[in-house]
Structure formats: C-alpha cells, structure tokens
Amino acid sequence: MKIFGRVLTAMVTSFNEDGSVNIQNCISMANYLLENGSDGLVVCGTTGENPTISREDKLKLFSAIAKECGHKGSIIANVGSNDTAGSVDFVKEVSTIPGIDGLLVVVPYYNKPNQQGQYLHFKAIAEATTLPIMVYNVPGRVGTGIFPNTLARLHKEYPHICAIKEASGNLMIASEIKRLLPDPSFMLYSGDDGLALPILSVGGCGVVSVVAHVAGTDINAMIQAFEAGHNHEAIRIHQTLAEITKAMFITTNPIPVKYAVRKLGLPAGAFNLPMCEPSEEEAAYIDKALAEYKKQ
C-alpha cells in the first residue's frame with residue numbers, strides 16, 4: 001500500500017477579501033476533493049497560494065484540515081522555503097500537529113543552491129522531524145533542481161525522505177530516480193498532470209494533481225487501470241483528460257483551476273495578489289473545456 005495514495009490534490013486555498021484564510025471554506029473544499037477521487041491533499045502548496053499565506057494562517061489551516069478531514073485521506077503540509085533555518089523552525093512546529101501524514105519540502109527557490117547546498121538544506125529538515133518528507137522538484141519555479149543522485153544520497157541517510165513530487169517535465173529525470181531508488185517504499189509522484197501516465201510507466205506511483213479539482217475520479221481511475229494492466233483503458237482516460245488539463249494551465253497556476261472550481265459552485269474564494277482573475281479570453285477557454293469535459 002502506498003503511504004500517501006495515488007492521487008494527491010494540491011488544494012486551492014479559499015481566502016477572504018482581506019487576504020486571510022477562510023478555514024470553513026477550505027474544509028468544505030477538502031471534503032469535496034476527498035470524496036471525489038483524491039486519496040490525499042497537499043495543503044498550502046503552490047496551487048494553494050502558499051507565498052501569500054501568513055505563518056499563523058498556515059498553522060490554523062493545517063490543524064483544521066488534519067482534524068476535520070484526516071480520516072478520509074492523507075494530509076501533507078507544505079512547509080518548505082528558501083531559508084533553511086526558517087524552514088527547520090516551521091517543520092518542528094508543524095510536526096507537532098496531530099494528523100499530519102507528511103511534509104512537502106521544495107528545493108530552495110531564488111537562492112539557486114548547488115547540489116551540496118540542497119543536500120545540507122534537506123538534511124537539516126530531515127533531522128528536525130520524523131514525519132515522511134516529499135521533496136518537491138520544480139525547476140521552472142525554483143530556478144534550479146535536485147539531481148537524482150542527491151536525492152538517492154538523502155534517502156539512504158534519511159529514509160523518511162521517501163517521496164518526490166517530480167515536476168521538471170523531464171521523463172528521463174523520473175526514470176533515473178527510479179533506477180537509483182527502485183524500492184516501492186520510495187514514492188515517485190508526477191508533479192505535472194499531463195505527465196502522470198508517462199511517469200507511471202517508468203515506475204511512478206501517482207500524481208500530485210491540480211486537475212483533480214475537476215476530474216479527480218477519472219484521474220484515479222486512470223491510475224488504477226494502469227496498475228491493473230489495462231493499458232488501453234488508461235490511455236483512453238488520459239486522452240479524455242487532455243483538453244481539461246491544457247485548460248488548467250492556460251495561464252499561471254492556480255489562476256485557471258481556482259476560476260474553474262468556482263464555476264463548479266465550490267467555495268474557492270478570492271485570489272491573493274499577485275494572483276488574479278483570468279483574462280476574458282482565458283476564462284472563455286476554461287469555460288469551453290469544462291463544458292466539453294462534462295459532456296464526456
């Protein structure tokens with residue numbers, strides 16, 4: 001059994017107009033996702049507009065989601081930053097919250113540390129907690145990435161560094177990770193919805209998904225079909241998801257998905273600047289993709 005599950009939704013955060021987190025709306029969103037294809041949630045990730053959430057609101061949200069929704073699926077708290085000391089302090093605090101199943105820790109952004117700097121960053125965090133850690137590799141947002149051999153070194157020394165959200169867009173990196181870390185106890189997740197099926201084919205176990213907000217049941221079915229050896233069915237579902245996946249990334253995440261979730265009647269709330277509403281053209285594209293997906 002996978003520790004976290006197949007489909008982990010990087011949940012949007014519902015904000016009030018003053019920029020604070022609407023906890024009750026977030027609980028409603030979390031319950032909906034966990035009842036519609038998600039095996040777990042990543043809370044306060046990039047899709048959750050993490051950079052604009054206060055430390056206090058993050059702690060309140062982690063506690064509330066773990067308490068109210070943790071019995072339905074895995075709850076993974078995003079705790080990483082580009083400040084190692086600050087990240088360590090935050091990790092220690094979050095690790096005391098009952099019901100948190102794991103921590104998402106991004107490669108330090110903006111600073112662009114070399115591989116030794118990244119190793120030391122994750123080492124410090126691993127020594128501050130016993131919770132399972134998922135490394136988040138996303139060079140497009142960070143400016144650099146963790147190498148598979150650095151990841152393997154970390155896992156060997158700290159086995160609770162046991163997963164990666166691989167969002168480099170490079171299938172060869174995913175392949176190399178599984179070559180170096182073939183044991184199923186190390187979980188390789190696609191961090192790109194469009195590459196979920198290809199990453200399964202090189203040893204991945206699931207996806208940290210944005211599109212699961214609107215298509216969670218189908219994404220989960222695709223992964224289960226692949227695991228059961230029903231490759232043609234998995235490919236069919238992958239193809240039915242192509243247009244809605246494209247629409248969810250027509251502009252910077254989480255703008256499209258938050259707009260889409262509101263269109264579905266869910267309490268996604270306002271954006272926090274610098275995130276803002278999609279343009280009229282982008283909104284029309286998303287509307288069309290949603291309508292076509294519902295017809296399938």
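The values are calculated or read from the model by the stated rules, or taken from the named source; none is laboratory data. Note that the coordinates shown come from a computational prediction; the quantities given were computed from them, not determined experimentally. Methodologically, a virtual Cβ is constructed for each residue, glycine included, from the backbone with ideal geometry; neighbour enumeration extends over all protein chains shown. The protein model used for the area step is the full one, side chains on, heavy atoms only, and it has no ligands, DNA or RNA in it. Shrake-Rupley method; radii C 1.70, N 1.55, O 1.52, S 1.80 Å.
List of remarks:
- From LEU131, LEU151, LEU120, residue being buried (at least 18 other Cβ atoms within 10 Å of the Cβ), at pLDDT 95 or above and part of a helix (DSSP H, G or I): LEU151
- The residue of the stretch 22-45 that is nearest to PHE62 (Cα to Cα), among those that are open to solvent by less than 10 Å² (accessible area, probe 1.4 Å) and either acidic (Asp, Glu) or not in a loop (DSSP other than H, G, I, E, B) (or both), is VAL43.
- Given (1) free of Cβ contacts under 8 Å to residues at least 60 places away in the same chain; (2) part of a loop (DSSP other than H, G, I, E, B), index of the condition GLY48 fails: (1)
- Considering residues of the stretch 281-296 that are in contact (Cβ under 8 Å) with a residue 24 or more places away in the chain and either part of a loop (DSSP other than H, G, I, E, B) or among the aliphatic types (A, V, I, L, M) (or both) only, the residue nearest to MET248 (Cα to Cα): ILE286
- Entirely in the stretch 169-280, the helices (runs of 4 or more DSSP H) that have 1 or more residues that are over 30 Å from ASN149 (Cα atoms) and open to solvent by less than 60 Å² (accessible area, probe 1.4 Å): 212-227, 231-240, 242-247, 255-263
- The single condition from (1) surrounded by fewer than 22 Cβ atoms within 10 Å (Cβ to Cβ); (2) more than 20 Å from PRO254 (Cα to Cα); (3) not hydroxyl-bearing (Ser, Thr, Tyr) that PRO51 fails is (2).
- When the stretch 1-21 is limited to residues that are of a type in the set (A, V, I, L, M) and in a loop (DSSP other than H, G, I, E, B), the one that is farthest from GLY204 (Cα to Cα) turns out to be VAL12.
- Residue check for LYS156: basic (Lys, Arg) and in a helix (DSSP H, G or I): yes
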